[in-house]
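The values are calculated or read from the model by the stated rules, or taken from the named source; none is laboratory data. All values derive from a computational prediction rather than experimental measurement. As a convention, Cβ positions derive from the backbone with ideal geometry for all residues, glycine included, and neighbour counts pool all protein chains shown. Heads up: the accessible areas ignore ligands, DNA and RNA and are worked out on the full protein's heavy atoms, side chains in. Shrake-Rupley method; radii C 1.70, N 1.55, O 1.52, S 1.80 Å.
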Amino acid sequence: AQSVSQHNHHVILSEAASLELGCNYSYGGTVNLFWYVQYPGQHLQLLLKYFSGDPLVKGIKGFEAEFIKSKFSFNLRKPSVQWSDTAEYFCAVNAYTGRRALTFGSGTRLQVQP
Amino acid sequence: EAGVAQSPRYKIIEKRQSVAFWCNPISGHATLYWYQQILGQGPKLLIQFQNNGVVDDSQLPKDRFSAERLKGVDSTLKIQPAKLEDSAVYLCASDSGTGGAWQYFGPGTRLTVT
């Protein structure tokens, strides 16, 4: 069975600070990896995804994530956060082939202070 | 393109009552998912449909939950009878069902069972 761990439950940063949110997964096969974001009052939106190829993927709004297969990790990064990045961030995985339902982590609430 | 539609957005019921949620996926999306998101946790899959057939309902509490997608388009999720622990946000998502697809989420229905 798949599982996803997000170790940072609540992160508070000042504007312009750098961000890194951890995500580790457990699965015996090849996976697709995702970061979803939920802004206050809005629905879950795809931030970025990794299916194959370059392990460094870029998403919307200046976010990027790096897939490190040996560490089963897919950490999310942004060099300089803005107040508008305040949101909840979810890491998710699904099997590379077959069943595509997502297994989510518990989420990280990011609060950016102006 | 129009997003995933869900209704109602909010519902408050007493325990042992029944409730139904509706979802209309993005046009042309073959795969539809229902997730349950309990406060403080990531979404958890309840059921996955491919067109009008069930792909995975292994985590659906079938003694009280049921779901259907009769014409392979919109879907209904029902709970009967509801329990206090069913209080959660119920999310509907869809994707095209092809390789490389990712899921689009609706706004969710927030259910409170008192």
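Condition check: more than 15 Å from B:PRO8 (Cα to Cα), of a type in the set (Asp, Glu) and in contact with a Ser or Thr (Cβ under 8 Å, 6 or more places away or on another chain). Does B:ASP57 satisfy that? So B:ASP57 fails the test.
All conditions in (1) at pLDDT 95 or above; (2) touching a Phe, Trp or Tyr at 6+ places or on another chain (Cβ under 8 Å) hold for B:SER66, with the sole exception of (2).
Quick one: in region B:92-112, of everything that is of a type outside the set (Ser, Thr, Tyr) and farther than 16 Å from B:VAL73 by Cα, which residue is farthest from the other protein chains (Cβ to nearest Cβ)? Explain how you work it out, then say what you get.
Restricting attention to region B:92-112, the residues satisfying the condition of being of a type outside the set (Ser, Thr, Tyr) are B:92-93, B:95, B:97, B:99-103, B:105-108, B:110-111.
Retained after the next criterion (residues that are farther than 16 Å from B:VAL73 by Cα): B:99-102, B:107-108, B:110-111.
On the way: B:GLY99: 8, B:GLY100: 6, B:ALA101: 7, B:TRP102: 6, B:PRO107: 5, B:GLY108: 7, B:ARG110: 12, B:LEU111: 16 Å.
Top of the filtered list is B:LEU111.
The set of residues in region A:51-67 being within 11 Å of another protein chain (Cβ to nearest Cβ) and touching a strand residue (DSSP E or B) at 6+ places or on another chain (Cβ under 6 Å) consists of A:PHE51 alone.
Yes/no matrix, rows are residues, columns are (1) away from chain A (no Cβ under 13 Å); (2) of a type outside the set (Gly, Ala, Ser):
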position: B:ALA5; (1), (2): no, no
position: B:ARG9; (1), (2): no, yes
position: B:ILE12; (1), (2): yes, yes
position: B:ARG16; (1), (2): yes, yes
position: B:CYS23; (1), (2): no, yes
position: B:HIS29; (1), (2): no, yes
position: B:TYR33; (1), (2): no, yes
position: B:ILE38; (1), (2): no, yes
position: B:LEU46; (1), (2): no, yes
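The set of residues in region B:52-106 that are surrounded by 14 or more Cβ atoms within 10 Å (Cβ to Cβ), assigned to a loop (DSSP other than H, G, I, E, B) and touching a residue at least 40 places away in the same chain (Cβ under 8 Å) comprises B:GLY72, B:VAL73, B:ASP74, B:PRO81, B:ALA82, B:SER87, B:SER96, B:GLY97, B:ALA101, B:GLN103, B:GLY106.
Taking the criterion of being in a loop (DSSP other than H, G, I, E, B), facing another protein chain (nearest Cβ under 10 Å) and surrounded by fewer than 19 Cβ atoms within 10 Å (Cβ to Cβ), the residues of region A:68-114 that qualify are A:TYR96, A:THR97, A:GLY98, A:ARG99, A:SER106. Within region B:8-25, being farther than 14 Å from B:SER66 by Cβ, open to solvent by 40 Å² or more (accessible area, probe 1.4 Å), assigned to a strand (DSSP E or B) and not charged (D, E, K, R) holds for B:TYR10, B:ILE12, B:ASN24. Considering the conditions (1) within 15 Å of the chain's Cα centre (by Cα); (2) within 14 Å of chain A (Cβ to nearest Cβ); (3) not aromatic (Phe, Trp, Tyr), B:LEU77 is excluded by exactly one of them, (2).
In region A:20-63, which residues are under 9 Å from the mean Cα position of the chain (by Cα) and part of a strand (DSSP E or B)? Don't jump to the end; show me each part of the working.
Filtering region A:20-63 down to residues under 9 Å from the mean Cα position of the chain (by Cα) leaves A:21-23, A:33-37, A:47-49.
If the condition is that a residue be under 9 Å from the mean Cα position of the chain (by Cα) and part of a strand (DSSP E or B), then A:LEU21, A:LEU33, A:PHE34, A:TRP35, A:TYR36, A:VAL37, A:LEU47, A:LEU48, A:LYS49 are the ones that fit.
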